[in-house]
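What follows is one structure encoded as structure tokens, with my remarks underneath.
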Amino acid sequence: MLKRIYIKNYALIKEIEVFFDKGFTIISGETGAGKSILINSLYLAFGEPIDTTFLLNREEPIVVEVDLDNINEDIKEEGKEFGLDFANDMITIRRIYNPKTAKNSYTIDDIPVPRTYLSSIFKKMVELVGQHENSKLLSISSHIELLDLFAKIKNEVMEFSKYFSLLKKKEEELIELQKTKEEQAKRIDYLNYAISEINKINPKLEEELLYEERKKLSHSEKIVANLSEAIFYLKSQNSGLSKLYSIKKSIDDIVMYDSNLSKISQNFQDAYILLQDTEQEVASYLEKMDFSEEHLKFLDERIDQLELLKKKYGNSIEQIIKTKQDYEKELANYDSLDEKIEKLSSDINLLKQKIAHDAILISQKRRVAAKELELMVNENLKKIGMEASRFAVSMEYQQDEISFCKINGIGYKVNSNGIDFVEFGLSSSPSLPIKSLKKIASGGEISRIMLAIKKALIEYEEAETIIFDEIDTGIGGKTADLVGNEISQIAKERQILCITHLPQIASYGVNHFNVVKNIEGKDVFVTIQKLDDEQRISEIARMLSGQPDSEAALEHAKQLLNQKR
């Protein structure tokens, strides 16, 4: 329940603090006085974005505080994550916006909390019925939520939604797994092909030498010619070898005359022996040289095979062999996905069976609840001056041939809420057909229909505080009195804050606050005052006639208040 709100430096509010009681509280004031600022400030406390044009003093922060009590267990459980203990079963929410840094701080009992948590608290503890809520009623997607609340199956539907989300997740996993299997199959085919191709050619590390051998054989004619010429010069009578031998003999003949010539003689001897050895090596090389064209063809073909592998699997035979080993390891590590796909498909089928069963069960409960809701809302509409109107809940299935959810052999589309497509409709006269709310309802009708629905749902509402923000739009006179009476009935079960400009509704309140716009020189600011009995009579007189001091209006105000006591 809302206990207190404190606002500083927001819009036309310098600083105000308001304490609220249980029951039916009226907030009134002249048009343009700033009644809705109070509600907007409440939104701010729970994390709504701040419009900086509403800063009263740009040098000071905006501060909004809200006290709540009777905190529900879901909020307490969620708050443990942030270190909240809820020792007094009451919390103080504080939001501070610093215009200099454009930063917000959110705390509960001086403990920092995220904005999302405050938003969650607001949704659970405060219900707004007004222009926003009325537009929500015109949104068809909200109708199924309201019906589920009335049918007491909100938790069942939430559980259903979890299973539905799980189904979608597993279906996506299956698609990805099947894609992976296809990609894996392609990869395995490639690996097998590559390994087979390498095995077929079967390269050996020593085959890198074949390149040198082919180079030699490719130039064999030149090699033979040049080496043969070398042998010829070495073996001929006038060859360098014979001349070198003669020179060596001449030096040997004069060594006896100078011992220093011994070294020169030895050098000639070494050169002669070296040339002899070289001549033998060349001869041996020529003898061993294979001039086979067939062998050259073999080398060409083999090197072509090796080059093919090098282009695909590595720049060397060593790298090709390593690639093959890597491919073999990768191939050995591939697990069959068939079992996983089979298991996932089985899980999906079981989920579909459960979801189909639950969707039909939820639909049956909705249809029973829809009839009860129609009866209650129509009864409530009679109480607020809409006797000729008829409220109806339309429930339809959307056929889907490939759907897994079937009734009497016909498939129906399933979504996160089940198989039902729910829409509220209204007929404003017994002679007229039921039509969509957005097509026929006026602003005043929508407000009253929302009130009629809220009264039907009050037993199941989570929120302890309900705010009616100008629900009296488009009504007056006797209808306004009927609306006021219905709100007062709801106030027996919940704390009600009602912003109104109609005296018929205001007279039903237990507590009454008046919002006043003050002008002091160039300063314009808003104040809010809790009215005592005399002040309340004067305010209702103003609401009746615009003249708070009119004796007739004052008398009428007293009569209105006395009738409601």
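The values are calculated or read from the model by the stated rules, or taken from the named source; none is laboratory data. Worth saying up front: this structure is predicted, and the values here are computed from it rather than measured. Here Cβ is always computed from backbone atoms with ideal geometry, including for glycine, and neighbour counts include all displayed protein chains.
With the condition kept exactly as written, say whether any residue in the stretch 391-409 is free of Cβ contacts under 8 Å to residues at least 40 places away in the same chain and more than 32 Å from the chain's Cα centre (by Cα). Reasoning before the result, please.
The first filter runs over the stretch 391-409 and keeps only residues free of Cβ contacts under 8 Å to residues at least 40 places away in the same chain, leaving 395-403, 408-409.
If we keep only those that are more than 32 Å from the chain's Cα centre (by Cα) as well, we get 408-409.
Yes, that holds for at least one residue.
Would you check if there is a residue in the stretch 161-174 being touching a Lys or Arg at 6+ places or on another chain (Cβ under 9 Å) and free of Cβ contacts under 8 Å to residues at least 12 places away in the same chain? Break it down stepwise before answering.
The first filter runs over the stretch 161-174 and keeps only residues touching a Lys or Arg at 6+ places or on another chain (Cβ under 9 Å), leaving 163, 167.
Restricting the remaining residues to those that are free of Cβ contacts under 8 Å to residues at least 12 places away in the same chain gives none.
No, that holds for no residue.
Suppose we filter the stretch 467-494 for residues that are in a loop (DSSP other than H, G, I, E, B), in contact with a helix residue (DSSP H, G or I) (Cβ under 7 Å, 6 or more places away or on another chain), modelled with pLDDT of 90 or more and of a type outside the set (D, E, K, R); how many remain?
Residues that pass the stated criteria total 0.
Quick grid of which residues meet (1) farther than 30 Å from residue 125 by Cβ; (2) out of contact with any Ser or Thr (no Cβ under 6 Å at 6 or more places or on another chain); (3) surrounded by fewer than 18 Cβ atoms within 10 Å (Cβ to Cβ):
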{"position": "390", "(1), (2), (3)": "yes, no, no"}
{"position": "398", "(1), (2), (3)": "yes, yes, yes"}
{"position": "401", "(1), (2), (3)": "yes, yes, yes"}
{"position": "430", "(1), (2), (3)": "yes, yes, yes"}
{"position": "434", "(1), (2), (3)": "yes, no, yes"}
{"position": "437", "(1), (2), (3)": "no, yes, no"}
{"position": "447", "(1), (2), (3)": "no, no, no"}
{"position": "455", "(1), (2), (3)": "no, yes, no"}
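Going by what's in this entry, would residue 105 be described as outside any loop (DSSP other than H, G, I, E, B), under 30 Å from residue 472 (Cα atoms) and without any contact (Cβ under 8 Å) to a residue 60 or more places away in the chain?
Values: outside any loop (DSSP other than H, G, I, E, B): yes; under 30 Å from residue 472 (Cα atoms): no; without any contact (Cβ under 8 Å) to a residue 60 or more places away in the chain: yes.
Answer is no for this residue.
Would you check if there is a residue in the stretch 530-551 being touching a residue at least 40 places away in the same chain (Cβ under 8 Å), in a strand (DSSP E or B) and either out of contact with any strand residue (DSSP E or B) (no Cβ under 6 Å at 6 or more places or on another chain) or under 25 Å from residue 18 (Cα atoms) (or both)?
Yes, that holds for at least one residue.
Considering each residue of the stretch 107-134, count those that are polar (S, T, N, Q) and at pLDDT below 85, and give that number.
Filtering the stretch 107-134 down to residues polar (S, T, N, Q) leaves 107, 116, 119-120, 131, 134.
Keeping just the survivors that are at pLDDT below 85 gives 131, 134.
Looking only at that region, the number is 2.
On the basis of being basic (Lys, Arg) and either without any contact (Cβ under 8 Å) to a residue 24 or more places away in the chain or under 16 Å from residue 513 (Cα atoms) (or both), does residue 35 make the cut? Spell out how you get there, then give the answer.
Values: basic (Lys, Arg): yes; either without any contact (Cβ under 8 Å) to a residue 24 or more places away in the chain or under 16 Å from residue 513 (Cα atoms) (or both): yes.
When the stated conditions are applied, residue 35 passes them.
Scanning for something in contact with a helix residue (DSSP H, G or I) (Cβ under 8 Å, 6 or more places away or on another chain), modelled with pLDDT of 90 or more and in a strand (DSSP E or B), does the stretch 139-158 turn up at least one residue?
No; the residues of the stretch 139-158 include none that is in contact with a helix residue (DSSP H, G or I) (Cβ under 8 Å, 6 or more places away or on another chain), modelled with pLDDT of 90 or more and in a strand (DSSP E or B).
If you scan the stretch 334-377, which residues turn out to be touching a residue at least 60 places away in the same chain (Cβ under 8 Å) and either within 30 Å of residue 478 (Cα to Cα) or in contact with a Gly (Cβ under 7 Å, 6 or more places away or on another chain) (or both)?
Matches in the stretch 334-377: 359, 362, 370, 372, 373, 376, 377.
Can you say whether residue 37 is more than 16 Å from residue 127 (Cα to Cα), crowded, with 19+ Cβ neighbours inside 10 Å and at pLDDT 90 or above, as far as the supplied structure shows? Working first, answer last.
Numbers: more than 16 Å from residue 127 (Cα to Cα): yes; crowded, with 19+ Cβ neighbours inside 10 Å: yes; at pLDDT 90 or above: no.
Spelling it out, it is not the case that residue 37 is more than 16 Å from residue 127 (Cα to Cα), crowded, with 19+ Cβ neighbours inside 10 Å and at pLDDT 90 or above.
Which of the residues belonging to the stretch 392-405 are more than 14 Å from residue 369 (Cα to Cα) and outside any loop (DSSP other than H, G, I, E, B)?
Initial filter on the stretch 392-405 (more than 14 Å from residue 369 (Cα to Cα)): 396-405.
Across the stretch 392-405, the qualifying residues are 396, 399.
Return yes when residue 458 is of a type in the set (Val, Ile, Thr) and closer than 30 Å to residue 38 by Cα and no when it is not. Quick ask: steps written out before the conclusion?
Details: of a type in the set (Val, Ile, Thr): yes; closer than 30 Å to residue 38 by Cα: yes.
Criteria met by residue 458.
Please find, among 336, 363, 345, the residue that is among the hydroxyl-bearing types (Ser, Thr, Tyr), buried (at least 17 other Cβ atoms within 10 Å of the Cβ) and either outside any loop (DSSP other than H, G, I, E, B) or out of contact with any strand residue (DSSP E or B) (no Cβ under 9 Å at 6 or more places or on another chain) (or both).
Values: 336 fails: buried (at least 17 other Cβ atoms within 10 Å of the Cβ); 345 fails: buried (at least 17 other Cβ atoms within 10 Å of the Cβ).
Of the residues listed, the single one that is among the hydroxyl-bearing types (Ser, Thr, Tyr), buried (at least 17 other Cβ atoms within 10 Å of the Cβ) and either outside any loop (DSSP other than H, G, I, E, B) or out of contact with any strand residue (DSSP E or B) (no Cβ under 9 Å at 6 or more places or on another chain) (or both) is 363.
For the stretch 287-306, give me each residue that is without any contact (Cβ under 8 Å) to a residue 60 or more places away in the chain and not aromatic (Phe, Trp, Tyr). Write out each step before concluding.
Step one: list which residues in the stretch 287-306 are without any contact (Cβ under 8 Å) to a residue 60 or more places away in the chain, which gives 287-288, 292-294, 297-298, 301, 304.
Result: 287, 288, 292, 293, 294, 297, 301, 304.
Could you tell me which numbered condition residue 63 fails, if it satisfies all but one of (1) modelled with pLDDT under 90; (2) part of a strand (DSSP E or B); (3) of a type in the set (Val, Ile, Thr)?
Only one criterion in (1) modelled with pLDDT under 90; (2) part of a strand (DSSP E or B); (3) of a type in the set (Val, Ile, Thr) is unmet by residue 63, namely (1).
Looking at this structure, is residue 326 part of a helix (DSSP H, G or I) and closer than 30 Å to residue 225 by Cβ? Don't jump to the end; show me each part of the working.
Details: part of a helix (DSSP H, G or I): yes; closer than 30 Å to residue 225 by Cβ: no.
No; evaluated as a whole, the condition is false for this residue.
When you scan the stretch 75-104, how many residues do you find that are more than 24 Å from residue 20 (Cα to Cα) and touching a Lys or Arg at 6+ places or on another chain (Cβ under 7 Å)?
Within the stretch 75-104, residues that are more than 24 Å from residue 20 (Cα to Cα) and touching a Lys or Arg at 6+ places or on another chain (Cβ under 7 Å) number 2.
For the stretch 495-504, check the following and say yes or no: at least one residue is outside any strand (DSSP E or B), surrounded by fewer than 21 Cβ atoms within 10 Å (Cβ to Cβ) and within 40 Å of the chain's Cα centre (by Cα). Can you show your working first?
Applying the first criterion (outside any strand (DSSP E or B)) to the stretch 495-504 yields 500-504.
Subsequent filtering for residues that are surrounded by fewer than 21 Cβ atoms within 10 Å (Cβ to Cβ) retains 501.
The next check asks that each one be within 40 Å of the chain's Cα centre (by Cα); those that pass are none.
Within the stretch 495-504, none of the residues are outside any strand (DSSP E or B), surrounded by fewer than 21 Cβ atoms within 10 Å (Cβ to Cβ) and within 40 Å of the chain's Cα centre (by Cα).
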